[in-house]
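**Student:** Take this structure first; my questions come after.
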């Protein structure tokens, strides 16, 4: 990785892109430190610490800006949610499906629709965040009376929405003038910024002079490295289905007669199943943050099932990840369409007849690979929960965050490699 960055810095054009991207990240971090008027961050932090996993998850995704009630408190989450919604609707709504197949113009129209959806979700999320702040006592009572209260509410909501709009704009600037993958890089920067908090937490435990922590803290460091290695291995792992193309003559030229393969990645759905599952399983905990049920009531017992430290939480979370992984792969890959494309191009899988047998074979392989990928995502997601319950040490960055960070880092390195390779940089791949 360091060699890749060194080679990229040696090329003036790539160096400018890297420095421009770094400038955007600095602007993002400055915006994450600008406070929103009328809000008291200390009350919000106390609310988030007792509000369950979802509020803490949002705080990690925003690089701590959520708990600090700053300009970029909602970060890029409305855009991520909008992208997921539009992606799912593209499969379900025929007009959107046609747009996705119209090339560059279709992608521009879908990007425009995604922006509008982002604005709508940011407005709803900003209003929800305002009520969360008001219920937690983060807004002084002097600002809540009469017309002043309405003005304060408008300022807070508009500030949050404007912060999201600025972040989306910064991500697009990275795509145009930086190294690309702008939204992911901003998300990456927000998560990485929580690193010092994690180190500070470990130092605090170390200074407690407890012999148990002298063993656990080095163990955490080793586990952290092993998790990263495991994620890299599984992210790059793929199952290759061999394909043989028949020879055909067109005019005076002969085409085909070559062997190829269909690559099926083990982790083809990325972190999307985890995001879906965490959103669903955290809804009860978020509701409990607004409305505290009475002790001993049915709803109190029901909401306790979805507590981050509950064993039922881990089981439900794991099952949802597997289910959403199958769902996401099903909407992304169509074995019948793949089989038809192979037949049109005179291709066939050795030993498998074209048509339905081919689609059935691909479906069978997809099912096995999807199961392996789902188990991988489930292990990464629930391991920090298990470790926290066993050791009592709650680090700031969980398995989902590590998966996002490693995935973005690998994608960025591949982007840099492709840009340098196009310029025939000697010795780069040696």
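The values are calculated or read from the model by the stated rules, or taken from the named source; none is laboratory data. These numbers come from a predicted model, not from an experiment. Here the Cβ is made from the backbone with ideal geometry for all residues, glycine too, and neighbour counts use every protein chain on show.
**Student:** Got at least one residue in the range 268-281 being more than 30 Å from residue 365 (Cα to Cα), modelled with pLDDT of 80 or more and not in a loop (DSSP other than H, G, I, E, B)?
**Tutor:** Initially, the range 268-281 is screened for residues more than 30 Å from residue 365 (Cα to Cα), giving none.
No.
**Student:** Please verify whether residue 113 is modelled with pLDDT of 80 or more and either surrounded by 13 or more Cβ atoms within 10 Å (Cβ to Cβ) or touching a strand residue (DSSP E or B) at 6+ places or on another chain (Cβ under 8 Å) (or both), treating the condition exactly as stated. Break it down into steps so the answer makes sense when it comes.
**Tutor:** Working: modelled with pLDDT of 80 or more: yes; either surrounded by 13 or more Cβ atoms within 10 Å (Cβ to Cβ) or touching a strand residue (DSSP E or B) at 6+ places or on another chain (Cβ under 8 Å) (or both): yes.
In short, yes.
**Student:** On to the next question. Out of 239, 194, which single residue is in contact with a helix residue (DSSP H, G or I) (Cβ under 6 Å, 6 or more places away or on another chain) and either buried (at least 18 other Cβ atoms within 10 Å of the Cβ) or on the phi > 0 side of the Ramachandran plot (or both)?
**Tutor:** After ruling out the rest, the residue left standing is 194.
**Student:** Considering only residues that are without any contact (Cβ under 8 Å) to a residue 40 or more places away in the chain and surrounded by 15 or more Cβ atoms within 10 Å (Cβ to Cβ), which ones fall in the range 147-171? Spell out the reasoning first.
**Tutor:** Our first condition is that a residue be without any contact (Cβ under 8 Å) to a residue 40 or more places away in the chain; within the range 147-171, this holds for 147-151, 153-154, 157-158, 169.
Residues satisfying the conditions are 149, 153, 157.
**Student:** Moving on to the next point. Any residue at all in the range 160-170 that's in a loop (DSSP other than H, G, I, E, B) and either at pLDDT 80 or above or at negative phi (or both)? Even if it seems obvious, please write down each step before you answer.
**Tutor:** Our first condition is that a residue be in a loop (DSSP other than H, G, I, E, B); within the range 160-170, this holds for none.
Taking every residue of the range 160-170 in turn, none turns out to be in a loop (DSSP other than H, G, I, E, B) and either at pLDDT 80 or above or at negative phi (or both).
**Student:** Identify the single condition in (1) over 26 Å from the mean Cα position of the chain (by Cα); (2) on the phi < 0 side of the Ramachandran plot; (3) surrounded by 12 or more Cβ atoms within 10 Å (Cβ to Cβ) that residue 38 does not satisfy, given that it satisfies every other one.
**Tutor:** (2)
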